[in-house]
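In what follows, a structure is listed as structure tokens, so that the remarks can point back to it.
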Amino acid sequence: MKKRILALLMASVLTLQLAGCNTKDAGTAGKETQSSIKDQFNSAREERENAGDTASEQDTQTPESDAGRQDADDEGTEVRYQDDYYEFVNQNLLSKIELAATDAHWDWFGELNAVVSSEMEDIIDELAGDGKTYEKGSSEQKIRDMYECVTDMENRNETGLGPLKPHMDSIRSASSIDEYVDALAHLSGEFGFSSIVGGYNIMQDKADSSQYAVYMMYADTLIGKEYVEGENTQEYMDLYLDYISNMLMEFGMTADEAAQSTDSIEGLLRDICASTLTTEQLYDPAMTYNVYTAQGLQELFSNVDVPKMLRTLRIEGQDKYIVMDVEQAKKINSLLQEENLQALKDYSTFVMLNDTAKYANANYARLSDDMKNALYGITESWGDEKTWKNLTQDMLPWDFGMIYVKEHFSAEDKAAVEEMIGQILEEYEVIINRQDWMSDATKKKAIRKLETMQVKIGYPDRWPAARDMMQVTPVSEGGSLLSNLLVSMQVAIDDSLNKLGQKVDRSEWDVTPQTINAMYDPLNNEIIFPAAILQAPFYDSDNSYGANLGGIGFIIAHEVSHAFDSSGALYDEYGNYNVWWTQEELAEYKKMSESIVDYYSGYEMMGVKVNGDLTLMENIADLGALTCITSIIGDDAKALDEAFGQMTYNWASEDTASFMMYLLNTDTHSPNKVRVNAVLSSCDAFYEIYDIKETDGMYVAPEDRVGIWK
């Protein structure tokens, strides 16, 4: 069983600095926890306020240069809020968190996700043991039969690659590049698998978001460009190459054959990654929105029969095809040569094995799990029951979502959050109007974007068509986990193809209500808050106004800010890629962005610099969010203190060294500690209510404080 901090069940053993967590409908234990944490909150609040009152009387520590930018305080040293606000607020909580061998990371998002998952596990247990017969196509029938497919390891081992074997054989037996590409196109057209060429995605057209368009996908870069090319990641690359070899041996190759194939795959991988966009570049529509006709695609992929490929993919006859990574496409085309055929076939073989590993037999699933654990610094796998139940939930997300909202969604909380969203949108209009670097015409366009922003809270009015399209065949009727996976992939492909030529339905959701997260979609100009995020510690109806502004309010303002981050700002109020800024404004925006990049690049975790370019969008959103909520609060010092404290508490986290390295290389967010300290150190209101001196670690000179929206 996954061990996690028992904040919901053992609050009495924790001394929390700030408001704790309760779970709606969590039963008696949850209610007792809520009361216990609130008592501790009041006590801790008094201690922290007293510390603030007497701050000027305390001995002033003189931190080393950039002391506030270190990833940990010296052991045994008392933490001062003036030097490290994140550690000061969270030190007692974090001291109680001991990552289990099965864990790579802890934060409140994961904690609440575990609670939601546990609630879904109860549903699985009830359905698996009630002995009832359910109507074909009902959520209950699908969940029970899917769980049976997941847990029947004898059936999974007997099935092996079963339904995929004909497609795998067509790749392995290809005697020419033409046959190889044709095999990939059939695999992608039927199931959506993509490895080297032939993958595609259907989504809103960035130039006309009311229409759908075909985006030609880039190659699968396996462990990812950042790991392949990173200076501090080659040990992980070595682990991954061993994983490739082990998977190929499980597939049936000898050790020598697997080693030779792995070398060939590595050569292709490094060559492809050298011509692949970075993660931050992939968010730039100027680099990824490249329109081609079918004839243009043929010129780009001169070594491929493009008309034949498009017919096989069932996407022929489109006016435009959008290539997201042109340089990589050129590289792929250059590699589609007969002398590379065997290496290409091995590459695609591994991608298929890797993509289906956790749905296949026990050996493939174990190898995949071991690789993930090694990458994240996990030393012990979850037990079978936990793994199986999580996999069942992953396979039927919308069926579980329907059940979740019936049992756990609060209409009252939705109404309260909607009111807060309205206030934040109004405040952002005030913020935009006070920017002296923007023209009046541009301000009007920005405000229009706020006025037309769509807000989605809770769950959809209409459930996605894919939920009904997805049917589950039980083992007793010849089904298997792998065959049901392929059905779900076919459903996704068919659902996408059905949208081509249709107007975009902006009311559709692609985020399940049980998701513990929030997001902004630039193509719909919408913010989304699933039902499960509307609970403590992010939102609590019993919290003070200041605490809720620092909690769910900060998250709301963060998502609104994404409409004006370095990528979101390039889309208009309709969700179209449309640069609506003047050249002078763009130049000023770029100048401020570069300051933010440099500022965050000065922070470190484990001796590794934060990637200010990779995290720019999220940092802009964090900085803008704090500006927004502090502007709403004004000069109310108590409410500001509550907001700062709650925001900081919400970002408490603990990571293995390997997982932190993973985050530093791939996550577009700064590490949580940096998200807190960096944004507070650039917030004028933070200095106004706390005694922060130039010698303190949290101090940043006024002229060095960064942000777009001040």
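Quick check for you: with a 1.4 Å probe and neighbouring chains kept, what is the accessible area per residue of the range 90-146, in Å²? Don't skip to the answer; put the middle values down first.
Values: 2370 Å² over 57 residues.
Value for the range 90-146: 42 Å² per residue.
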Along the three principal axes, how long is the range 119-220 when you take its alpha carbons, biggest first, rounded to the nearest angstrom? 52, 42, 22
Hey, rough spin-label estimate for residue 203 and residue 635, points 7 angstrom out along Cα→Cβ, what's it come to in nanometres? 4.6 nm
Taking the Cα-to-Cβ direction at residue 295 and at residue 406 and moving 7 Å from each Cα, how far apart do the two end points lie in nm? 5.6 nm
The range 671-683 - phi-based ³J(HN,Hα) in whole Hz, Karplus 6.51/-1.76/1.60, Gly and Pro as x: x, 4, 4, 5, 4, 7, 5, 5, 6, 5, 5, 9, 9
Compute the normalised compactness of the range 521-673: alpha-carbon radius of gyration over 2.2 N^0.38 Å, N being the residue count. 1.12
Contour minus Cα-Cα span, residue 363 to residue 423, at 0.36 nm per residue, comes to 16.2 nm
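What's the carbon and sulfur percent of the range 213-342's accessible surface, probe 1.4 angstrom, rounded to a whole number?
Details: 2640 of 5860 Å².
That fraction is 45 percent.
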Sorted by chain and then number, the residues having a modelled amide H within less than 5 Å of the amide H of residue 529, at least 5 places away or on another chain, are 456, 457, 458
Can you say what percent of the DSSP beta bridges in the chain, counting only those with both residues inside, are antiparallel? Round to 5. 70 percent
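Would the range 420-578 count as rounded, prolate or oblate if I go by the C-alpha gyration tensor, calling it rounded below 1.5 in a/c and otherwise prolate when a/b exceeds b/c, oblate otherwise? Please report the intermediate quantities before stating the final value.
Details: a/c = 3.43, a/b = 1.65, b/c = 2.08.
Because a/c hits 1.5 or more and a/b fails to exceed b/c, the range 420-578 counts as oblate.
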With all protein chains in place and a 1.4 Å probe, residue 149 shows an accessible area in Å² (nearest 10) of 0 Å²
Return the long-range amide H neighbours of residue 578 (sequence gap of 5 or more, or a different chain), with a cut-off of under 5 Å between placed amide H atoms. 571, 572
Furthest towards positive pole of dipole, 476, 513, 405, structure part the chain, Cβ charges: 476
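Protein chains only, probe 1.4 Å: how do 276, 379 rank by accessible area, largest first?
379, 276
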Residue-level accessible surface for residue 591, protein heavy atoms, 1.4 Å, Å²: 130 Å²
Please list, by residue number, every one of the GluC sites (Glu not before Pro) in the range 455-527 that is coil in DSSP and has at most 16 other beta-carbon atoms within 10 Å. 508
Could you give each residue of the range 97-104 its phi-based ³J(HN,Hα) in whole Hz, using Karplus coefficients 6.51, -1.76, 1.60 with θ = phi - 60°, and x for Gly or Pro? 8, 10, 4, 6, 4, 8, 10, 9
To the nearest 20 Debye, how big is the dipole of the range 564-680 about its Cα centre, given +1 on the beta carbon of each Lys and Arg and -1 on that of each Asp and Glu? 280 debye
Using alpha-carbon coordinates, inclination of helix 384-395 to the longest axis of the chain, degrees: 80 degrees
Treating only the Cα positions of the range 631-710 as identical point scatterers, give the base-10 log of I(q)/I(0) from the Debye formula at each q in 0.10, 0.13, 0.27 Å⁻¹. -0.30, -0.49, -1.34
The chain, Cα convex hull volume normalised per residue, Å³: 157 Å³
For the range 150-200, report the accessible area per residue in Å² (1.4 Å probe, heavy atoms, rounded to an integer). 37 Å²
Quick one: plug the Kirkwood hydrodynamic radius of the range 566-648 (C-alpha pairs) into Stokes-Einstein at 4 °C, 1.567 mPa s, and report D in µm²/s. 86 µm²/s
Leaving out ligands, DNA and RNA but keeping every protein chain, what accessible area does residue 434 have, in Å² rounded to the nearest 10, with a 1.4 Å probe? 110 Å²
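Top to bottom by accessible area (1.4 Å), largest first, where do 264, 188, 95 land? List each step's numbers first, then the result.
Details: 264 45, 188 0, 95 80 Å².
Largest accessible area first, the list is 95, 264, 188.
Give me the mean projected area, in nm² to one decimal, of the convex hull enclosing the Cα positions of the range 311-363.
On the way: hull surface 23.8 nm².
Spelled out: convex hull of the Cα atoms, projected over all directions, averaged, 5.9 nm².
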Projecting the Cα atoms of 317, 274, 332 onto the charge dipole of the range 273-342, where Lys and Arg contribute +1 and Asp and Glu -1 at Cβ, the residue farthest towards the positive end is 317
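Looking only at Cα atoms, what is the convex hull volume of the range 357-461 per residue, in Å³? Don't skip to the answer; put the middle values down first.
Working: hull volume 21.8 nm³, N = 105.
Expressed per residue, the convex hull around the Cα atoms of the range 357-461 is 208 Å³.
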In nm, spacing of pseudo-spin labels at residue 257 and residue 503 (7 Å Cα→C-beta vector): 5.6 nm
Square roots of five times the C-alpha gyration tensor eigenvalues of the range 266-418, ordered largest first and given in whole Å, equal 37, 26, 17
So, R0 is 30 Å and r is the distance between the beta-carbons of residue 134 and residue 574; what FRET efficiency does that work out to, to 0.05? 0.10
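Where Rh denotes the Kirkwood radius from the mean inverse Cα pair distance, what is Rg over Rh for the range 197-284? Walk me through the intermediate numbers first.
Values: Rg = 16.8 Å, Rh = 15.2 Å.
With Rh from the inverse mean 1/r over Cα pairs, Rg/Rh is 1.10.
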Rounded to whole angstrom, the alpha-carbon centroid of the range 347-381 lies from that of the range 209-276 at a distance of 14 Å
So residue 235 and residue 439, fully extended at 0.36 nm per residue minus their Cα-Cα distance, gain in nm 68.4 nm
Rounded to whole angstrom, the alpha-carbon centroid of the range 147-177 lies from that of the range 637-710 at a distance of 49 Å
I need the phi-derived Karplus couplings for the range 614-626: 6.51 cos²θ - 1.76 cosθ + 1.60, θ = phi - 60°, integer Hz, Gly and Pro marked x. 4, 9, 4, 4, 5, 5, 4, 5, 5, 4, x, 5, 5
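Figure the gain on full extension for residue 455 and residue 584 (residue separation times 0.36 nm, minus the Cα-Cα span) and round it to one decimal in nm.
Details: separation 129, 0.36 × 129 = 46.44 nm, distance 3.16 nm.
So the chain would gain 43.3 nm between residue 455 and residue 584.
The values are calculated or read from the model by the stated rules, or taken from the named source; none is laboratory data. Everything numeric in this text was worked out from a predicted model, so none of it was measured. All Cβ positions, even for glycine, are placed from backbone atoms using ideal geometry, and neighbour counts span all protein chains on display. Ligands, DNA and RNA are excluded from the accessible area calculation, which covers all protein heavy atoms including side chains. Shrake-Rupley method; radii C 1.70, N 1.55, O 1.52, S 1.80 Å.
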